[in-house]
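The values are calculated or read from the model by the stated rules, or taken from the named source; none is laboratory data. Bear in mind the structure is a predicted one, so any value in this text is a computation, not a measurement. Cβ placement follows ideal geometry from the backbone for every residue including glycine, while neighbour counts extend to all protein chains displayed. Side chains included, ligands, DNA and RNA excluded: accessible areas come from the protein's heavy atoms. Shrake-Rupley method; radii C 1.70, N 1.55, O 1.52, S 1.80 Å.
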Amino acid sequence: MTVKTPDWQRTLELRYWTVNPDKTFIRVTAPAKESGTATLRLGTNMWNYLPSVERTIKIPPSLMLESWMGSDFTNDDLVRESSLVKDYDHRMGGEALEAGDACYRIIATAKPDAPVVWDRIVLYVRKSDAIPRREEYYDSKGRMQKVLTFDDIRKTSGRVYPMRWKMVSVNKPGHETLLQISNLTLDRPISDSIFTQENLRQPF
């Protein structure tokens, strides 16, 4: 994961485990200064472990819009996967070309009482195989705040998958985060012990 701003750039190496839609575990493996930092998500609950102070911190709802590891991804971006279906109403918004691909445009609007950050998410999904190509995030005033694009689409681990994700902050010129997946394994059982607070502190 490479984070770019007009003033600096940093790259982190990560390992990522997930059982959709409820469980996610992420551990930073490099550079040495950040190594061991970890994040656990269980449903809408989220914890960060900071090895420098040997503390596990539960992320409150008030911090869901805060940056995750200094990137353009927020804490909410990690949690949102479990709520996109149940907390949003969806409708077709026509068709569009995205990076040369014919896509369905799907508009997801937050339900009135849904505990979500984004009022609307617009998704562009490739017609041929339902691969995501673009997501736009809008706040409660209808302003687009971020754009997530997917490319480097190829077959890996038996499936077609986008291996490069780029998140751009619209209201912060020059700020972007590039997530490049170097190795992907799908449909392999994952031990429940991975998704525990005890594992946050474990050496890797």
Fully extended contour minus Cα-Cα distance, from residue 85 to residue 172, at 0.36 nm per residue = 28.4 nm
inquiry  = I want to check the label-to-label distance for residue 62 and residue 30. Put each point 7 Å from Cα in the C-beta direction and report it in nm to one decimal.
reply    = 3.9
Size of electric dipole in region 1-72: Cβ of Lys, Arg +1 and of Asp, Glu -1, about Cα centre, debye, nearest 20 = 160
message = Given a 1.4 angstrom probe, what's the average accessible area per residue across region 27-100, in square angstrom?
response = 52
request  = Any chance you could get the radius of gyration and Dmax over the Cα atoms of the chain, in Å?
outcome  = 17.2, 50
query = Between region 19-96 and region 107-165, what is the C-alpha centre distance in whole Å?
reply = 16
key: Placed amide H near residue 73: partners under 5 Å, 5+ positions off or other chain   = 68
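Roughly how many debye, to the nearest 20, is the charge dipole of the chain about its Cα centre, given +1 on each Lys and Arg Cβ, -1 on each Asp and Glu Cβ, and no other charges?
220
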task = On the protein heavy atoms, probe 1.4 angstrom, tell me the percent of accessible surface of the chain carried by carbon and sulfur.
result = 50
task = Work out which GluC sites (Glu not before Pro) in the chain are exposed loop sites (DSSP not H, G, I, E or B, at most 16 other Cβ within 10 Å) and give the longest gap free of them.
result = 67-204
remark   = Full extension between residue 159 and residue 97 adds, at 0.36 nm per residue less the Cα distance, a length in nm of 20.0 nm
Label-point separation in nm, residue 9 to residue 188, each point 7 Å along Cα→Cβ = 3.1
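Counting only heavy atoms of the protein chains, get the accessible area per residue of region 162-204 (1.4 Å probe) and round it to a whole Å² value. Present the calculation step by step, with values, prior to reporting the outcome.
Values: 2880 Å² over 43 residues.
Solvent-accessible surface per residue comes out at 67 Å².
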ask   = Let a ≥ b ≥ c be the square roots of the eigenvalues of the Cα gyration tensor of region 22-82; is it rounded (a/c under 1.5), or, if not, prolate (a/b larger than b/c) or oblate?
value = prolate
query = What ranking of 86, 127 comes out by heavy-atom accessible area, probe 1.4 Å, highest first?
reply = 86, 127
key: Positive-pole candidate from 94, 108, 149, dipole of region 59-204, charges at beta carbon   = 94
